[in-house]
Amino acid sequence: MKELKVSAIKQGTVIDHIPAQSLFKVISILELQKMDTQITIGYNFESKKLGQKGIIKLADKFPSQKDLNKIALFAPEAKINIIRNYKVVEKDLVQVPDTIEGIVKCMNPKCITNHESVKTKFTVIEKKKVTLKCKYCEKITDQEHFEMK
């Protein structure tokens, strides 16, 4: 059997256990097309937990907490591995915060956040299948319908 091996990175981040259907949203969130570093993207790998998963390796890059919060909205069980000198030095799960501000658009066309310069604010009411409730109009939006601001 032939194998294609992906080179190890000296330092950077590996984002693993991204649901396959969310991989391209995560790529967009991180704006990978604008990065000038080595990036490896794997799509539709087998996963016992997810069925199909995606993985992203970023050489010399470490996502901000805001980026990790965005990733958590679409991949709430993603794992973040920090690599230094070719070794995993830190492993974390992304965590869906209790509140989300200024990241997601309210899906209620009548919401004040869609007509005035008011920053969106949501309470997270479900973390596993991420579901949000708008602070202003109380519209509930699930992971399938999020639209980034």
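The values are calculated or read from the model by the stated rules, or taken from the named source; none is laboratory data. Keep in mind it's a predicted model, so treat the numbers as computed, not measured. Methodologically, a virtual Cβ is constructed for each residue, glycine included, from the backbone with ideal geometry; neighbour enumeration extends over all protein chains shown.
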Discussion item. Pairs please, first residue from the stretch 37-66 and over 17 Å from PHE24 (Cβ atoms), second anywhere and among the small types (Gly, Ala, Ser) and crowded, with 16+ Cβ neighbours inside 10 Å, Cβ atoms under 6 Å, 6+ apart in sequence or on different chains.
Written reply: THR37/ALA59; GLN38/ALA59; ALA59/GLY12; ASP60/GLY12; LYS61/GLY12
Worksheet item: Does at least one position in the stretch 112-119 carry a residue that is in contact with a Gly (Cβ under 8 Å, 6 or more places away or on another chain), on the phi < 0 side of the Ramachandran plot, touching a residue at least 12 places away in the same chain (Cβ under 8 Å) and not assigned by TED's automatic domain parsing to the domain that holds LEU30?
Response: yes
Practice prompt. Starting from the stretch 84-103, keep only residues that are more than 10 Å from LYS70 (Cα to Cα), then list their pairs with residues that are among the hydroxyl-bearing types (Ser, Thr, Tyr) whose Cβ atoms are within a distance under 8 Å, requiring at least 6 positions of separation or different chains.
Written response: ASP98/THR123; THR99/THR123; GLU101/THR120; GLY102/THR120
Worksheet item: For the stretch 79-149, which strands (runs of 3 or more DSSP E) that fit wholly inside it have 3 or more residues that are at pLDDT 95 or above and surrounded by 12 or more Cβ atoms within 10 Å (Cβ to Cβ)?
Response: 79-84, 121-126, 131-134
